[in-house]
1. Just order 104-114, 11-21 by mean Cβ neighbour count inside 10 Å, highest at the front, would you?
2. Counting only helical runs of four or more DSSP H residues, what would the 222 nm mean residue ellipticity of the chain come to if each run contributes -39,500 (n - 2.57) and the total is spread over all its residues?
3. To the nearest 10 degrees, how steeply does helix 180-192 sit against the main Cα axis of the chain, on a 0 to 90 scale?
4. Hey, in the GNM for the chain with a 10 angstrom Cα cutoff, which one of 60, 103, 30 fluctuates hardest?
5. Pick from 121, 28, 50 the residue whose mean-square fluctuation is largest in a GNM of the chain, springs joining Cα atoms under 10 Å.
6. Going by alpha carbons, how many degrees (0 to 90, nearest 10) lie between the helix axis of 46-61 and the longest principal axis of the chain?
7. Determine, for each peptide in 52-58, 40-46, the mean count of other beta carbons within 10 angstrom over its residues, then list the peptides with the highest first.
8. Nearest-5 percent of antiparallel DSSP beta bridges in the chain?
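No lab work stands behind these numbers, since they all come straight from the coordinates. Just so it is clear, the model here is predicted, and its values are computed rather than measured. Reconstructed Cβ throughout: ideal geometry from the backbone, glycine too, with neighbour counts over all protein chains shown.
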Ligand code: ITT
């Protein structure tokens with residue numbers, strides 16, 4: 001069977017494919033489903049935004065849909081960039097500019113104060129079914145400069161706790177075992193059956 005992931009983020013879509021396809025679930029992202037509108041993320045939390053995206057796309061397609069709202073939460077920045085992670089540095093989604101803004105804002109912050117986590121809320125919706133949500137996270141530290149070429153978004157400046165490597169230095173397979181997205185998906189797996 002097929003599940004729609006309500007995302008246009010290529011990095012997220014690739015991770016969902018790698019996570020679902022071994023389980024026999026085909027994944028389609030919004031990049032493969034033309035003519036669906038941009039969903040405005042007006043929620044005040046990861047969970048609210050995930051629900052918004054999943055319910056609108058499920059209503060428009062008549063199919064089961066999973067949506068992911070995620071981001072980086074930095075303790076010394078009071079939880080920022082948080083739900084504003086995708087556009088932290090400006091209107092355009094620009095990973096390099098976002099990384100630059102975080103590093104710049106954290107100049108002079110000591111290593112033990114550079115704690116952060118990635119967070120991911122997933123919502124699953126289907127016509128006539130009650131929407132459900134789960135959340136996942138992974139703990140780490142913000143580095144002084146970007147390291148590594150894998151992944152997307154803030155991965156090059158996120159030193160994974162207990163790994164001694166950034167999320168962009170470990171392989172995609174490794175990331176898919178430990179990430180906030182993988183953590184959330186483990187919790188969602190128990191519920192997916194109800195939506196087909
Ligand atoms: P969709 O709404 O279309 O899914 P988006 O990129 O706008 O795409 P979000 O609003 O959830 O999605 O913003 C997520 C941002 O958080 C993303 O653009 C990255 O900057 C960051 N992020 C989320 N997961 C990440 C990960 O696994 N690694 C690095 N950065 C991540």
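1. Values: 104-114: 11.5, 11-21: 18.0.
Ranking the peptides 104-114, 11-21 by packing returns 11-21, 104-114.
2. Details: 5 runs with 58 residues, N = 196.
It lands at -9000 deg cm²/dmol.
3. Between helix and principal axis, roughly 20 degrees.
4. The residue that fluctuates most here is 60.
5. 28
6. So the helix axis and the longest Cα principal axis differ by about 30 degrees.
7. On the way: 52-58: 22.4, 40-46: 14.1.
Most protected by this proxy first, the peptides run 52-58, 40-46.
8. Rounded to the nearest five, the antiparallel share is 80 percent.
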